[in-house]
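The values are calculated or read from the model by the stated rules, or taken from the named source; none is laboratory data. Quantities reported herein were computed from a predicted structural model and do not represent experimental measurements. For neighbour counting, all protein chains shown are included, and Cβ atoms are generated from backbone atoms with ideal geometry for every residue, glycine included.
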Amino acid sequence: MELSFENLKEEISIILDVTSEEVQTNTELTGSAHWDSFAMLSAAALVTKYTGAQLSMDDVSKLATVNDFISLINNSKDK
């Protein structure tokens, strides 16, 4: 089962410390004050939760948008 934006929106909003209404697929991560090292660690943990895959901080730091993050989760499931 592929995880969709709607399935992950609430968890992503918690990671970014914003309301779920503020999170869209095109929400920028790069350069956002909310996309700090703690958020990146939380994002890596979310990927592990859904896929079992371990990501490097380098992998996570390359994410530019929420859509990139969702794609990373779904692509990690296939490995």
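Filter the range 10-21 down to the residues that are in contact with a helix residue (DSSP H, G or I) (Cβ under 7 Å, 6 or more places away or on another chain) and farther than 15 Å from SER71 by Cβ and list them by number.
Within the range 10-21, GLU10, GLU11, SER13, ILE15, LEU16, THR19, SER20 qualify.
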Worksheet item: What about ALA53, is it under 17 Å from ASN74 (Cβ atoms) and touching a helix residue (DSSP H, G or I) at 6+ places or on another chain (Cβ under 7 Å)?
Response: yes
Discussion item. Being surrounded by fewer than 18 Cβ atoms within 10 Å (Cβ to Cβ) and under 11 Å from ILE73 (Cβ atoms): is that true of THR30 here?
Written reply: no
Response to the item:
Inside the range 42-79, the number of residues satisfying the requirement of being touching a strand residue (DSSP E or B) at 6+ places or on another chain (Cβ under 9 Å) and surrounded by fewer than 12 Cβ atoms within 10 Å (Cβ to Cβ) is 0
Response to the item:
Scanning the range 46-64 for residues that are in a helix (DSSP H, G or I) and of a type in the set (A, V, I, L, M), the one modelled with the lowest pLDDT turns out to be MET57
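For the range 1-19, what are the residues that are of a type in the set (S, T, N, Q) and surrounded by fewer than 13 Cβ atoms within 10 Å (Cβ to Cβ)?
The answer is SER4, THR19.
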Item to complete: Sort out which residues of the range 26-45 are modelled with pLDDT of 95 or more and not small (Gly, Ala, Ser), and write them in order of number.
Response: ASN26, THR27, GLU28, LEU29, HIS34, TRP35, ASP36, PHE38, MET40, LEU41
Discussion item. Touching a residue at least 12 places away in the same chain (Cβ under 8 Å), of a type in the set (A, V, I, L, M) and in contact with a His (Cβ under 7 Å, 6 or more places away or on another chain): is that true of VAL47 in this structure?
Written reply: no
